[in-house]
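Accompanying notes for the structure given below.
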Amino acid sequence: MPKTIIISNRLPVQLQIHNGGLEATPSVGGLATGMKSVHSDGESLWIGWSGLTREEIPEGLDGDIDAALEKHGCRRVSLTQDEVEGFYFGFSNRTIWPLYHYFTEYTEFELSSWETYVQVNRKFADAILEEAEPEDLVWVHDYQLMLVPQMLREQQPDLSIGFFLHIPFPSYEIFRTLPWRREILRGLLGSDLIGFHTYDYERHFLSSVRRLLGLEVSFNEIHMDGRAVKVDSFPMGIDYQKFNQAAQHHAALKEGDRSDLKRRLDQHKASTPNAKFFLSIDRLDYTKGIAQRLKAFEYFLKKYPQYKEKVRLIILAVPSRSKVPQYQRLKKEIDELVGRINGEWSTVSWTPIWYFYRSLPFDNLIDLYTSCDIAWLTPIRDGMNLVAKEYIATRTDQSGVLILSEMAGSANEMHEALLINPNNFEQIAESLYQAINMPLEEQRSRNAPMQKRLERYNVEKWANDFVDSLRAQKKLDFSHIALKLNVDKTQDLIRSYREASSRILFLDYDGTLAGFHTDPQKAEPDPELYNLLDALQAQPRTDFFLISGRDKDTFQRWFGNKGYSMIVEHGVWISENGNGFRMLENVKNNWMDKIRPVLESFVDRTPGSFIEDKNYSLAWHYRNTDPDFGQKRASELNTVLTSLIANDELSVLNGNKVMEIKSSNVNKGRAAMRMIGRKAYDFVFAIGDDWTDEFMFQELPEQAITVKVGPMKTQARYFVDGIGSARELLGRFAAL
Ligand code: GDG
């Protein structure tokens with residue numbers, strides 16, 4: 001039975017050696033908590049680092065470690081101290097983590113860390129390859145393993161590979177500063193499906209792919225190496241039932257069965273019934289804005305002194321990455337801030353801040369969630385923030401107020417919370433005031449819809465959605481697009497070609513026989529292409545047409561003395577066997593003076609774009625513009641033109657980085673149909689790469705062999721990878 005292989009830096013259990021024996025504790029953190037429920041059911045294997053370096057493992061303990069991990073469905077990747085330094089504390093946490101959270105001032109670019117990152121990613125990939133069968137599904141998690149998908153793809157091209165990024169993907173302007181930006185993108189693109197928490201992260205990623213790799217993105221799919229990579233957003237949920245039921249269970253406990261923490265919290269509540277508890281829970285990380293929260297708390301106390309002795313801030317900061325200097329500095333800063341604020345504001349009966357620097361057991365976490373009136377979660381940047389969701393899930397009576405940072409991914413789904421900008425202390429103070437004074441009814445009306453959503457889109461649904469989407473992507477492959485011309489099918493084609501008594505071929509030029517050039521006039525034919533076309537021309541049973549949107553003068557210059565047959569400007573002009581061009585369709589061009597100024601205004605405002613003036617059509621080229629900007633302008637132009645062209649006489653063709661306006665009654669399909677009607681052809685073939693060729697693919701009879709160049713959505717029956725394969729196929733026809 002195919003299995004799911006989950007792969008992340010850390011395993012869901014952490015091993016520690018205590019008094020010579022092994023101790024397994026659950027890992028803290030969003031990823032481990034979330035995926036645990038997925039891992040627990042079904043056939044699945046989790047591969048990751050155990051938390052112990054090679055050097056830390058006493059001799060003879062390896063077998064016990066493996067056995068302990070196997071009990072949890074886990075397999076470890078063994079890492080040395082140096083590898084953990086360079087890969088985890090180095091590249092992952094001093095380069096990627098700060099960069100992706102927009103902390104550029106903390107970002108270090110160390111070649112040696114990068115090299116270790118590559119080496120360790122290779123180790124993870126090798127560990128997967130040892131276990132993976134071709135039918136298995138591999139789900140790679142997070143920023144520590146961004147090169148793994150490509151490493152797997154190279155070794156096992158048919159594997160289903162999904163990748164999910166748990167942190168933000170930054171805007172292009174930030175991402176481009178990374179010296180290894182292309183390597184990272186290529187690493188990720190080894191996947192079949194790449195998931196992000198929000199659409200913004202997805203959008204940033206696609207923009208970087210377009211700009212840095214120059215790959216074509218159509219909607220949310222990237223086409224490369226004959227594969228389609230899908231990019232989508234899947235906002236991660238929580239195990240709602242687990243949190244909700246734990247809260248219900250806690251509420252039902254008799255006093256004697258409650259935890260010490262809960263009893264202390266209850267005592268304080270009882271002694272000052274109107275007092276409010278603010279709760280802040282995070283890993284101790286500079287992205288979480290804990291220091292800013294402390295300062296904002298003090299600001300609030302100064303602004304609203306009436307709340308002195310009436311509010312208390314409970315901070316749980318879970319130790320994290322304490323070997324990284326910024327984290328050590330942050331810890332010191334927070335210790336000092338808590339000390340100073342408590343020192344300045346405390347009274348005999350009141351300490352404004354309760355500060356826990358440790359990881360608490362799950363039940364204590366529930367005690368905190370259920371006892372605090374206001375959850376104050378205001379990260380500076382956060383991929384998602386599951387704590388916000390967990391807080392809402394535990395509010396079984398629907399009371400409680402969530403103050404949430406706009407910069408957390410979860411803010412996209414939790415509109416009913418009080419959303420704030422974590423840098424705006426004034427707004428934070430106002431929100432705290434509003435939260436303290438919010439009537440219970442309002443609290444409930446805000447929390448109820450959030451609970452409903454969290455219950456429905458829980459972590460299981462999230463994981464299933466991702467896995468279903470990955471399976472669908474793999475199954476679809478290109479069958480929805482066209483069949484790839486494989487070796488067998490090509491043999492069949494060659495046979496039909498050989499056996500046919502009369503053949504006709506329609507060959508598009510740009511993007512099919514020749515590559516694109518920044519200046520279209522420079523995309524002239526090379527000697528190899530002339531040889532190929534000459535050979536086809538010499539075959540007595542073959543008629544072929546170069547069929548193009550280009551102007552007739554260019555083709556006359558390039559092919560005029562060759563005697564090839566040509567159809568240009570999408571079917572306006574035809575030249576057969578070296579005779580001059582004549583009009584094939586009767587078309588008007590009196591509309592051009594009206595449309596040209598519109599295109600000119602777009603040229604002025606879109607650096608790099610230009611107009612190609614043909615006899616019966618106008619084309620606006622935007623290949624040389626900034627890709628995102630060009631795309632944006634193209635859709636703007638489309639809107640403008642659609643409103644200008646109110647009748648059916650003109651149509652707009654969206655080609656490959658070109659928009660062309662021409663008479664509606666002219667297209668390659670119509671022209672090709674006129675040609676095949678003139679003789680009884682028993683082999684009809686058309687090949688092309690863009691939208692203008694789709695007219696041929698649509699209109700030619702069903703038995704025609706239609707071939708798209710490039711794996712894109714098409715009406716053609718087959719596709720080939722690129723110009724090289726197109727020429728190779730024609731070369732085989734020509735050799736017969
Ligand atoms: C990354 C992204 C994204 C916390 N303290 C204790 C404890 N926790 C648990 C919480 C929660 C998890 O840890 C923290 O999750 P977050 O989402 O808030 O944050 P990160 O660890 O930074 O996670 C984040 C996440 O990945 C998922 O994709 O949301 O943006 O940064 O589940 O309950 N659990 C226990 N004791 C604690 O003291 N038992």
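Show me the three semi-axes of the equivalent ellipsoid for the stretch 592-663, from the C-alpha gyration tensor (sqrt of 5 times each eigenvalue), largest first, rounded to whole Å.
Details: eigenvalues 70, 31, 24 Å².
They are 19, 12, 11 Å, listed largest first.
When all alpha carbon pairs of the stretch 671-736 are counted in 5 Å bins from zero, the resulting P(r) reads 4, 17, 27, 23, 19, 9, 1 %.
Both the radius of gyration and Dmax for the stretch 240-456 are 16.4, 47 Å, in that order, over alpha-carbon atoms.
Taken as Cα centroids, the stretch 527-588 and the stretch 355-387 sit 72 Å apart, rounded to the nearest whole angstrom.
With contacts taken as Cα pairs under 8 Å at a separation of at least 6 residues, the chain carries a relative contact order of 9 percent.
For the stretch 592-663, averaging the sequence separation of C-alpha pairs within contact (under 8 Å, six or more residues apart) and dividing by the residue count gives a relative contact order of 29 percent.
Averaging Cα coordinates gives a centre for the stretch 44-76 and one for the stretch 144-203; these two points are 27 Å apart.
Solvent exposure of the chain amounts to 42 Å² per residue of accessible area, where only protein heavy atoms count and the probe is 1.4 Å. Surface listing: 72, 204 arranged by accessible area from highest to lowest gives 72, 204, probe 1.4 Å. Take 628-641, 288-301, 258-271 and order them by the average number of nearby Cβ atoms within 10 Å per residue, most first; the result is 288-301, 628-641, 258-271.
Here, the chain yields an orientationally averaged convex hull projection of 38.8 nm² when only Cα atoms define the hull. Could you give the distance between the Cα centres of the stretch 658-736 and the stretch 435-466, to the whole Å? Here the two parts' Cα centres lie 53 Å apart.
Quick one: work out the % antiparallel among DSSP beta bridges in the chain, nearest 5. Show your work: numbers first, answer last.
Numbers: 32 of 102 bridges.
If I count the DSSP bridges inside the chain, around 30 percent turn out antiparallel.
When peptides 345-351, 197-203 are sorted by average Cβ neighbour count within 10 Å, with the highest value leading, the order is 197-203, 345-351. By accessible area, using a 1.4 Å probe on protein heavy atoms only, the chain has 48% of its surface on carbon and sulfur. Projected onto planes of every orientation and averaged, the convex hull of the alpha-carbon atoms in the stretch 1-100 covers 7.3 nm². Rounded to the nearest 500, the helix-only mean residue ellipticity at 222 nm of the chain stands at -12500 deg cm²/dmol, with each DSSP H run of n ≥ 4 adding -39,500 (n - 2.57).
Can you pull the semi-axes for the stretch 498-592, root of five times each eigenvalue of the Cα gyration tensor, sorted largest first, whole Å? Each step should come with its number before you reach the end.
Numbers: eigenvalues 104, 64, 27 Å².
Its equivalent ellipsoid spans semi-axes of 23, 18, 12 Å.
Pairs of Cα atoms nearer than 8 Å and 6+ residues apart set the relative contact order; for the stretch 362-428 it is 32 percent.
Applying both filters, DSSP loop and at most 12 other Cβ atoms within 10 Å, to the GluC sites (Glu not before Pro) of the stretch 130-199 gives 135.
The values are calculated or read from the model by the stated rules, or taken from the named source; none is laboratory data. Model, not experiment: these values are computed from the prediction. Virtual Cβ from ideal backbone geometry, glycine too; neighbours counted across all protein chains shown. Side chains included, ligands, DNA and RNA excluded: accessible areas come from the protein's heavy atoms. Shrake-Rupley method; radii C 1.70, N 1.55, O 1.52, S 1.80 Å.
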